[in-house]
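Down below is the structure, laid out as structure tokens.
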Amino acid sequence: MAENSGVSVIKCLGCGADMVFDPASGELVCEYCGGTRSVEKRVTFPRDFLLEREDGDVDEGGTEYECPNCGGKVVLENFATTEECPYCGATNIVKKERLKGLKPDSILPFAVTRDSAFVSGKKWLKRKIFAPTKLKKNFRVEQFKGIYEPNFVFASDTFSTYDGRLGEDYYVTVKRGKNTYTEVRTRWFNISGTYGKGYNDIVVEASANLDQKQMESLLPYDLGSAEQYKREYLAGFAAERYDSSLDDSFGTAKGMMDDDIRRSVLAQYHYDRVGYLNITTQYSNIKFNYTLLPVWVCGYKFREKLWSFLVNGRTGKAAGKAPVSIPKALCTAIAAAGLIALLAWLIVTYVA
């Protein structure tokens with residue numbers, strides 16, 4: 001690696017130009033002379049949650065930028081393809097001071113190219129029948145920006161004690177005067193016990209620009225293929241720094257485990273109603289891995305509102321929201337109302 005103004009870059013040994021990571025080949029590629037260079041791969045191990053709570057220094061080399069348009073924050077290397085906000089496309093992003101924080105443990109390199117992400121985006125947009133025609137026509141591959149999203153991946157053993165009251169419904173026939181009715185009644189019973197379960201690969205989004213729901217819409221990722229973090233994978237891409245603290249992120253993970261434990265406990269019983277269910281859970285052997293996951297982001301502005309379209313950088317799975325064309329929606333509603341009226345007229349005519 002060569003040093004340039006304090007920022008590390010990966011230079012081509014053949015011509016000296018900056019190299020970029022190519023998702024198709026999994027190697028560094030020189031776009032000028034075609035030279036390639038492999039990236040050293042090492043196995044990564046999770047860290048102990050209780051022993052490593054203090055923030056350390058971030059990896060040297062990246063510069064943080066903030067977008068005044070949407071508030072997005074990214075870390076761009078000086079060999080990034082462009083200094084644009086990947087979330088809204090703004091070019092007036094502002095250089096910020098470097099921050100302290102945890103260095104990533106691992107990274108899942110891009111495997112889906114920009115062109116493939118664009119194809120996924122076109123297919124996704126085509127299925128949005130109410131999306132504006134103008135948006136579909138102006139959808140361009142250049143709008144897709146590759147960004148590594150920060151995530152904490154947790155593992156934990158759990159042991160729970162619980163007690164509760166569940167009910168099974170049954171039906172009885174009752175007679176009131178000359179009329180007979182069927183009533184639903186509930187037979188209640190108490191439950192109590194213990195439940196143990198181990199969890200692995202609980203992905204918690206730690207970004208300020210994507211929320212947990214958006215990340216879950218892109219899952220799953222093949223986390224078993226993650227590599228030891230190396231900056232070579234960032235060549236030509238951007239990376240966002242985590243915004244949520246380790247404690248807050250584990251709080252999110254606990255909420256996900258708690259929901260699953262509740263479902264698992266209830267699955268042991270046959271019931272129709274839950275009177276109450278109290279569960280107390282102990283968490284042990286907690287491990288975490290700070291990993292960067294690849295996402296193609298297509299950020300754009302339509303009718304003065306910011307929209308984003310996402311593609312899983314490993315599988316090509318697409319997710320996001322598209323604006324609705326009011327004329328299209330109105331025409332569809334009018335056509336549907338007309339069809340219903342026609343069917344009603346035919347039924348009345350046929351019956352008559």
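The values are calculated or read from the model by the stated rules, or taken from the named source; none is laboratory data. In this text the structure is predicted, and so the values were computed from the model without any measurement. Reconstructed Cβ throughout: ideal geometry from the backbone, glycine too, with neighbour counts over all protein chains shown.
Each row is one residue, and each column tells you yes or no for (1) assigned to a loop (DSSP other than H, G, I, E, B); (2) modelled with pLDDT under 85; (3) in contact with a helix residue (DSSP H, G or I) (Cβ under 8 Å, 6 or more places away or on another chain); (4) of a type in the set (G, A, S).
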residue: D55; (1), (2), (3), (4): yes, yes, no, no
residue: G71; (1), (2), (3), (4): yes, yes, no, yes
residue: V74; (1), (2), (3), (4): no, yes, no, no
residue: F79; (1), (2), (3), (4): yes, yes, no, no
Open item on the list: Quick check on my filter: what residues within the range 139-184 are touching a residue at least 12 places away in the same chain (Cβ under 8 Å), assigned to a strand (DSSP E or B) and β-branched (V, I, T)?
Closed with: I147, V153, T158, T161, V172, V184
Task: Long-range neighbours under 7 Å by Cβ, at least six apart or interchain, first residue in the same structural domain as I191 (by TED's automatic domain parsing) within the range 266-287, second outside any strand (DSSP E or B) and exposed (fewer than 12 other Cβ atoms within 10 Å of the Cβ) - done: I286/L50
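Every residue, every condition in (1) surrounded by 13 or more Cβ atoms within 10 Å (Cβ to Cβ); (2) not in a helix (DSSP H, G or I), yes or no:
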| position | (1), (2) |
| --- | --- |
| E232 | yes, no |
| T252 | yes, no |
| G255 | no, no |
| D259 | no, no |
| H270 | no, yes |
| V274 | yes, yes |
- [ ] Pairs only if they're at least six apart or on different chains, beta carbon under 8 angstrom, first in the range 103-116 and outside any loop (DSSP other than H, G, I, E, B), second of a type in the set (G, A, S); list them, first residue then second.
- [x] S106/A226; I107/A226; R114/G146; S116/G316
